[in-house]
Structure formats: C-alpha cells, structure tokens
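The values are calculated or read from the model by the stated rules, or taken from the named source; none is laboratory data. Since we're looking at a predicted model, the values are computed, not measured. Counting neighbours? That spans all protein chains shown, and the Cβs are built from the backbone with ideal geometry, glycine included. Heavy atoms of the whole protein, side chains included, go into the accessibility calculation; ligands, DNA and RNA do not. Shrake-Rupley method; radii C 1.70, N 1.55, O 1.52, S 1.80 Å.
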Amino acid sequence: MAAFLQSELANVDRTEIMYSQIKTLINQGGDGKLYIIYPDLCGIETKPGDVLFMLTPNGTTILIDTAAEQAEEKVIGFLRKIDVKDINYLIITHPDADHIGNVQAVAEFICETQKGRIQNYWVNPESSRDNRTETQNYLAGKGTVIDNAVRAGDQLIIDGVTVNVFGPEM
C-alpha cells in the first residue's frame with residue numbers, strides 16, 4: 001500500500017512539474033522545441049475522448065479537440081494549470097461528441113476567464129453532424145478567424161512545423 005501511494009505521489013509531482021515547465025515555455029514564447037501534451041483524462045466513467053495540446057518551437061499554441069463533456073473539469077483544469085491565455089489554433093478533427101464536447105467551455109474559459117483569445121478555429125465540413133454553430137458564432141464575435149471547411153489536403157505551417165490534414169476526403 002505504501003509503495004502505491006508513493007508511486008501516485010511521484011506521478012502527481014511529475015505532472016505538476018510538467019505543468020510548470022509548459023507554463024514557463026508558454027510565457028517565454030517557446031524554446032525551439034515542439035511539445036505535445038495529452039492531458040490526463042483518466043477517471044472519467046465514460047469514454048473521455050481526445051484532447052491534445054501542442055506548443056511549437058516559437059511558442060504558438062495549438063489545441064486539437066476538446067474531449068467529451070464529461071471531461072470538462074479535467075480539460076479546463078489542464079488549461080488553467082498551464083495558465084494558457086491565448087490559443088493560436090483550436091482545431092476540431094471531427095464533430096463526434098468525444099472530440100468536440102467541450103469546445104464552447106474551452107472558448108469561454110480562454111476568452112472570458114483568461115481574458116485571452118482564440119486566434120484561429122478550424123473545423124471540418126462534416127458539420128452537418130454537429131456543427132456547434134453557437135461556438136462558431138461566439139468565436140467570430142471575439143475576432144477569431146473561422147475555417148469550417150478544413151479537409152484532406154489542407155496544410156498549415158507554423159514555426160517550421162507542418163500540419164497536414166488527412167481527412168475528411170470530400
């Protein structure tokens with residue numbers, strides 16, 4: 001039992017150290033390296049979904065997907081811990097609930113709680129399934145550039161990092 005607790009405490013300490021390091025890197029505008037972070041969504045009873053945070057070599061922030069609604073506390077908690085104020089690119093890979101579930105909560109957290117902004121919002125044209133028009137309208141009202149026709153073949157180059165879109169095929 002004691003070994004388990006020590007292991008868990010060590011895990012928490014490593015996580016807090018990582019959050020602190022990412023927060024520092026965001027504030028200093030990167031360090032020439034690409035960082036990819038999968039926030040811990042463990043403990044969610046249903047499928048938590050996907051969320052991925054990237055920090056490019058020059059400090060550009062990219063959030064890919066926002067997980068399922070049941071993971072809102074963990075997603076917002078992660079963003080709070082790294083103290084991200086601005087997201088340069090919020091990218092939703094597809095409109096399944098476990099990928100887009102917290103998009104409005106993330107938008108409001110960044111724009112209202114953090115007093116920051118989301119510069120670009122990318123979604124794909126499968127929007128007929130769940131287009132979250134309220135989020136697109138909300139972000140457009142905040143000055144976010146909306147691209148809701150992202151599809152296979154599109155490419156984004158940020159700080160020397162190439163993001164290739166492989167789907168959907170349309």
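Being of a type outside the set (A, V, I, L, M), at pLDDT 85 or above and over 30 Å from Y19 (Cα atoms) is the requirement here; does D154 meet it? Step through it out loud before you land on a result.
Details: of a type outside the set (A, V, I, L, M): yes; at pLDDT 85 or above: yes; over 30 Å from Y19 (Cα atoms): yes.
Yes, satisfied.
Of the residues in the stretch 151-170, how many are under 18 Å from the mean Cα position of the chain (by Cα) and either open to solvent by less than 30 Å² (accessible area, probe 1.4 Å) or hydrophobic (A, V, I, L, M, F, W, C) (or both)?
6
Just to check your reading of the model, which residue among A71, A10, A97 is in contact with a Pro (Cβ under 8 Å, 6 or more places away or on another chain) and modelled with pLDDT under 95?
A71
Provide a single number: the residues in the stretch 20-52 that are β-branched (V, I, T) and at pLDDT below 85.
2
Looking at T135, T113, which one is hydroxyl-bearing (S, T, Y), modelled with pLDDT of 90 or more and surrounded by fewer than 16 Cβ atoms within 10 Å (Cβ to Cβ)?
T113
If we keep just the residues of the stretch 65-101 that are out of contact with any helix residue (DSSP H, G or I) (no Cβ under 8 Å at 6 or more places or on another chain) and under 25 Å from N164 (Cα atoms), which is surrounded by the most Cβ atoms within 10 Å (Cβ to Cβ)?
Per the criteria, the residue is I100.
W122 versus (1) over 22 Å from D154 (Cα atoms); (2) surrounded by fewer than 22 Cβ atoms within 10 Å (Cβ to Cβ): which is the lone unmet condition?
Of (1) over 22 Å from D154 (Cα atoms); (2) surrounded by fewer than 22 Cβ atoms within 10 Å (Cβ to Cβ), only one is false for W122: (1).
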